[in-house]
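Undergrad: To start, I am sharing the structure in question, which I have written as structure tokens.
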Amino acid sequence: MCRVVDLQQAVLAKNTSAAQTLRTALAARGTAVVNLLSSPGSGKTALLERELGLARERGVPVAALTADLATENDATRLARSGVPVKQVLTDGLCHLEAHMLGRHLDGWLPDGTRLLFVENVGNLVCPASYDLGESLRIVLASVTEGEDKPLKYPTAFGLAHLVVVTKTDIAGAAAFDEAAFRANVRQVNPGVEVLLTSARTGEGVGALLDRAVAVAEGAPVHVPVMAGRQPAHAHGHGGHEHGHTGGAAGADTGRPRSATAPTR
Ligand SMILES: Nc1nc2c(ncn2[C@@H]2O[C@H](COP(=O)(O)OP(=O)(O)OP(=O)(O)O)[C@@H](O)[C@H]2O)c(=O)[nH]1
Ligand SMILES: [Mg+2]
């Protein structure tokens with residue numbers, strides 16, 4: 001058992017080191033990475049379609065890399081924006097790792113790219129433990145997923161620099177309790193900003209691009225209390241589509257005490 005934990009920690013440590021190298025290399029090229037994490041279907045690609053279109057209108061040099069277990073569907077959607085897009089197929093792996101990202105950027109990332117949006121594999125567990133050398137880590141949750149998700153996935157929400165709620169156009173139909181969601185986010189990540197968005201109405205699309213550009217220009221990001229206490233769990237390689245919730249919210253500290261129940 002100890003050996004397994006040691007191996008897991010070694011995998012994470014190796015990733016963290018690769019992420020730091022990548023962050024430094026990208027910074028030297030003037031590129032900031034925005035890492036988007038969420039469960040499948042939360043609306044990462046739909047929101048990115050809007051962000052890429054807006055960035056193009058505003059003349060912000062952006063590119064996007066999207067990761068999935070199978071299909072090039074997301075890249076096809078994102079490429080319609082006209083910006084450089086790359087699809088990565090993970091061959092069954094439930095998350096991206098820093099060395100994979102670095103390898104896929106080699107010879108592809110156009111010079112002068114200011115922002116590189118990375119859509120991680122749809123999964124709220126595995127990707128949370130892997131730093132990709134990002135400058136901004138965003139976790140998304142749609143209004144249909146339930147207000148308790150920050151408590152159920154404390155590593156994903158606890159390590160985010162920014163929390164984005166998606167699909168607000170259907171918040172009423174989904175009886176989304178925004179106050180309860182915000183209270184649950186506060187339990188795992190006090191002080192983090194929660195931004196409301198809709199890829200349908202465009203709500204929050206400009207605000208999100210503004211945040212990303214500001215970070216690329218050196219604006220400070222929120223520092224989660226959980227940062228620096230990376231989970232002791234790494235996740236499976238090859239074929240795993242789920243894993244263990246990371247230990248960053250473990251027994252002694254970040255673990256939420258109780259759920260904030262919706263008021264209706
Ligand atoms: N009403 C509404 N539907 C949305 C919105 N954003 C996305 N959707 C729908 O939600 C579904 C999933 O959207 P995607 O953008 O594919 O979600 P994703 O997170 O990229 O999914 P994976 O890549 O599979 O993890 C699609 O049917 C979208 O049309 C939104 O803002 N409002
Ligand atoms: Mg997608």
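The values are calculated or read from the model by the stated rules, or taken from the named source; none is laboratory data. These figures come from a predicted structure and were not determined experimentally. Glycine also receives a Cβ, built like all others from the backbone with ideal geometry; neighbour counts cover every protein chain displayed.
Undergrad: For GLY92, all conditions in the list (1) over 24 Å from ALA219 (Cα atoms); (2) within 16 Å of ligand 2 (Cβ to nearest atom); (3) in contact with a His (Cβ under 8 Å, 6 or more places away or on another chain) hold save one; what is the number of the exception?
TA: With respect to (1) over 24 Å from ALA219 (Cα atoms); (2) within 16 Å of ligand 2 (Cβ to nearest atom); (3) in contact with a His (Cβ under 8 Å, 6 or more places away or on another chain), GLY92 is out only on (2).
Undergrad: Any residue in the stretch 210-236 that is modelled with pLDDT under 95 sitting within a Cβ distance under 6 Å of a residue that is part of a loop (DSSP other than H, G, I, E, B) and hydrophobic (A, V, I, L, M, F, W, C)? List the pairs, counting only those 6 or more apart or interchain.
TA: Close Cβ pairs (under 6 Å, with a partner that is part of a loop (DSSP other than H, G, I, E, B) and hydrophobic (A, V, I, L, M, F, W, C)) amount to MET226/LEU159.
Undergrad: Let me ask you something else. Please count how many residues of the stretch 149-178 are part of a strand (DSSP E or B) and of a type in the set (Ser, Thr, Tyr).
TA: The qualifying residues number 1.
Undergrad: What are the pairs, 6+ residues apart or on separate chains, where a residue within the stretch 184-207 that is over 13 Å from GLY43 (Cβ atoms) has its Cβ under 8 Å from a residue that is among the acidic types (Asp, Glu)?
TA: Correct list of pairs: ASN184/GLU147; ASN184/ASP148.
Undergrad: Take PRO262 and tell me if it is more than 18 Å from the chain's Cα centre (by Cα) and at pLDDT below 95.
TA: Numbers: more than 18 Å from the chain's Cα centre (by Cα): yes; at pLDDT below 95: yes.
Taking the combined requirement at face value, the residue satisfies it.
Undergrad: Could you give every pair whose Cβ atoms fall below 8 Å, whose first residue belongs to the stretch 145-159 and is at negative phi, and whose second residue is acidic (Asp, Glu) and surrounded by fewer than 21 Cβ atoms within 10 Å (Cβ to Cβ), counting only separations of at least 6 or pairs across chains?
TA: Listed pairs, sorted by first residue: GLU147/ASP177.
Undergrad: Now, a different point. Residues being farther than 26 Å from ALA216 by Cα, away from ligand 1 (no atom under 15 Å from the Cβ) and of a type in the set (D, E, K, R): count how many of those fall in the stretch 137-163.
TA: Total meeting the criteria: 3.
Undergrad: Inside the stretch 104-129, can you point out the residues that are over 19 Å from ALA27 (Cα atoms) and of a type in the set (Ser, Thr, Tyr)? I'd like the intermediate steps shown before the answer.
TA: The initial filter retains those residues of the stretch 104-129 that are over 19 Å from ALA27 (Cα atoms), namely 119-129.
SER129, the sole residue that qualifies.
Undergrad: Looking at VAL125 and the list (1) surrounded by fewer than 24 Cβ atoms within 10 Å (Cβ to Cβ); (2) of a type in the set (A, V, I, L, M); (3) more than 21 Å from LEU22 (Cα to Cα); (4) in contact with a strand residue (DSSP E or B) (Cβ under 6 Å, 6 or more places away or on another chain), which single condition is not satisfied?
TA: (4)
Undergrad: Something else now. Hey, which of the helices (runs of 4 or more DSSP H) in the stretch 1-87, taking only ones fully inside, have at least 3 residues that are more than 26 Å from ARG200 (Cβ to Cβ)? Don't jump to the end; show me each part of the working.
TA: Numbers: elements: 2-29, 44-58, 73-79.
Answer list for the stretch 1-87: 2-29.
Undergrad: Next question, about the same structure. Scan (1) within 16 Å of ligand 2 (Cβ to nearest atom); (2) assigned to a helix (DSSP H, G or I) for the single condition VAL118 breaks and write down its number.
TA: All conditions pass for VAL118, except number (2).
Undergrad: Another question about this same structure. Can you name the residue in the stretch 164-197 that is crowded, with 22+ Cβ neighbours inside 10 Å and of a type in the set (S, T, N, Q) and is also nearest to VAL221 (Cα to Cα) among such residues?
TA: Among those residues, the one meeting the criterion is ASN189.
Undergrad: Can you work out which of the residues in the stretch 71-87 that are near ligand 2 (Cβ under 10 Å from one of its atoms) and of a type in the set (A, V, I, L, M, F, W, C) is nearest to LEU115 (Cα to Cα)?
TA: It comes out as LEU78.
Undergrad: With the requirement that a residue be closer than 16 Å to LEU195 by Cβ and within 16 Å of ligand 1 (Cβ to nearest atom), what does the stretch 124-136 give you?
TA: Residues satisfying the conditions do not exist here.
Undergrad: Looking only at residues that are more than 16 Å from ligand 2 (Cβ to nearest atom), in contact (Cβ under 8 Å) with a residue 24 or more places away in the chain and more than 19 Å from LEU159 (Cβ to Cβ) in the stretch 28-52, which one is nearest to the chain's Cα centre (by Cα)?
TA: Restricting to residues being more than 16 Å from ligand 2 (Cβ to nearest atom), in contact (Cβ under 8 Å) with a residue 24 or more places away in the chain and more than 19 Å from LEU159 (Cβ to Cβ), the top hit is THR31.
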